[in-house]
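Worksheet: one structure, shown below.
The values are calculated or read from the model by the stated rules, or taken from the named source; none is laboratory data. This structure is a prediction, so every number in the text was calculated from the model and none was measured. As a convention, Cβ positions derive from the backbone with ideal geometry for all residues, glycine included, and neighbour counts pool all protein chains shown. Just so you know, the surface numbers come from the protein's heavy atoms only, side chains and all, with ligands and any DNA or RNA stripped out. Shrake-Rupley method; radii C 1.70, N 1.55, O 1.52, S 1.80 Å.
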Amino acid sequence: MTAKSQKGWDGEPGELLRVREGFRLSDVDPDATPGYDGRKKHGQADLEAGEAQFDELQERLYAQSRVVPGSPSVLLVLQAMDTAGKGGIVRHVIGATDPQGIRLTAFKKPTPEELQHDFLWRIERALPGPGYIGVFDRSHYEDVLIGRVRALAPPEEIERRYDAINDFEKRVTDAGTRIVKVMLHISYEEQKTRLMERLERPEKHWKYNPGDVDERELWPAYMDAYQTVFERTSTAHAPWHVVPANAKWYARLAVQELLLEALEAIDPQWPAADFDVETEKARLAAT
């Protein structure tokens with residue numbers, strides 16, 4: 001069910017954007033806005049309208065976990081090519097709620113300590129606890145994306161990792177975490193525009209990395225790697241969702257809706273008072 005305050009959807013984003021058997025990334029138009037018939041101004045209004053619902057559901061999730069052991073959590077996995085808008089999702093979607101209930105992890109190049117362990121070791125350490133919304137800005141999927149494209153591990157090790165990821169995510173979901181996996185899909189041309197903007201604006205220079213152009217030259221290999229990821233790791237317990245992201249407003253709205261769907265499915269409840277409310281009112285009034 002779409003957010004009660006959002007009017008522009010003509011379908012459920014969780015279904016419309018879900019990767020299913022026969023999915024081809026090359027068939028997805030990065031300029032499209034699947035399931036949403038409004039324009040940018042409508043999308044921005046709906047994003048703002050959904051913020052209150054997201055904030056309340058997140059607070060209910062967190063509050064419930066304070067008194068109910070083993071309460072559920074949510075994990076948002078964000079994957080994308082550079083400039084696709086992961087930071088915008090964090091600011092404009094996740095940023096609408098109380099940060100004390102959020103656990104954000106931006107995975108970088110593994111440290112020497114992390115390299116001494118299996119690739120999932122550092123991922124497991126960053127999982128959200130009960131009542132939290134975890135956000136992975138990049139994730140364990142880097143180990144079968146750049147790991148494959150850059151040949152950072154032998155082919156047989158890359159192959160092993162797909163099954164290891166599926167087993168890991170099944171264990172995580174069985175333990176009560178809802179995983180929302182999102183690939184923000186921009187076009188080759190749109191990435192060039194966004195990289196050029198970073199070069200042309202001095203206040204954006206800090207975001208530019210010359211290595212982005214090196215990775216860009218490997219675009220076809222990355223698209224192939226993503227296709228394999230979808231084929232091997234979009235499962236019933238942790239499906240992938242591909243969000244066209246040339247329109248930033250649509251990508252933000254779609255991710256917000258996917259999170260709302262996950263939270264609504266959990267339906268967290270405000271915990272009941274463990275004291276007599278009327279008695280406490282009387283005691284307080286007497287002070």
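Structural remarks
- Segment 195-206, residues that are buried (at least 18 other Cβ atoms within 10 Å of the Cβ) and aromatic (Phe, Trp, Tyr): none
- Filter pass, residue 38 being of a type in the set (Gly, Ala, Ser), at pLDDT 95 or above and more than 30 Å from residue 175 (Cβ to Cβ): no
- Residue pairs meeting the criteria (Cβ under 8 Å; at least 6 apart or on separate chains; first under 16 Å from residue 193 (Cβ atoms), in segment 204-215; second surrounded by fewer than 12 Cβ atoms within 10 Å (Cβ to Cβ)): 208/199
- Taking segment 61-148 and the helices (runs of 4 or more DSSP H) fully enclosed by it, the elements with 1 or more residues that are touching a Leu at 6+ places or on another chain (Cβ under 9 Å) are at 86-92.
- Residues in segment 88-97 include at least one that is closer than 30 Å to residue 273 by Cα, open to solvent by less than 40 Å² (accessible area, probe 1.4 Å), hydroxyl-bearing (Ser, Thr, Tyr) and touching a residue at least 12 places away in the same chain (Cβ under 8 Å).
- Pair list, Cβ under 9 Å, 6 or more apart: segment 17-46 residue of a type in the set (Asp, Glu), other residue open to solvent by 60 Å² or more (accessible area, probe 1.4 Å): 21/231; 37/10; 46/7
- Members of segment 149-165 found to be surrounded by fewer than 20 Cβ atoms within 10 Å (Cβ to Cβ) and either in a strand (DSSP E or B) or of a type in the set (D, E, K, R) (or both), listed by number: 150, 156, 157, 159, 160, 163
- Neighbours by Cβ (under 9 Å, 6+ apart or cross-chain): first from segment 231-250, within 20 Å of residue 177 (Cα to Cα); second aromatic (Phe, Trp, Tyr): 233/141; 233/162; 233/240; 234/23; 234/240; 240/23; 240/230
- Where helices (runs of 4 or more DSSP H) sit wholly within segment 174-287, those with at least 1 residues that are closer than 15 Å to residue 86 by Cβ occupy 188-200, 211-216, 219-233, 248-266.
- Matching residues in segment 208-257 - criterion: being among the basic types (Lys, Arg) and over 21 Å from residue 162 (Cα atoms): 216, 248, 252
- Residue match in segment 10-17 (condition: within 29 Å of residue 143 (Cα to Cα), surrounded by fewer than 17 Cβ atoms within 10 Å (Cβ to Cβ) and of a type in the set (A, V, I, L, M, F, W, C)): yes
- Qualifying positions in segment 251-276 - open to solvent by less than 10 Å² (accessible area, probe 1.4 Å), in contact with a helix residue (DSSP H, G or I) (Cβ under 6 Å, 6 or more places away or on another chain) and either without any contact (Cβ under 8 Å) to a residue 60 or more places away in the chain or farther than 14 Å from residue 15 by Cα (or both): 253, 256, 263, 268
- Looking only at residues of segment 166-194 that are over 23 Å from residue 256 (Cα atoms) and charged (D, E, K, R), we find that the one that is least open to solvent (accessible area, probe 1.4 Å) is 170.
- Residue 174 being acidic (Asp, Glu) and under 20 Å from the mean Cα position of the chain (by Cα): yes
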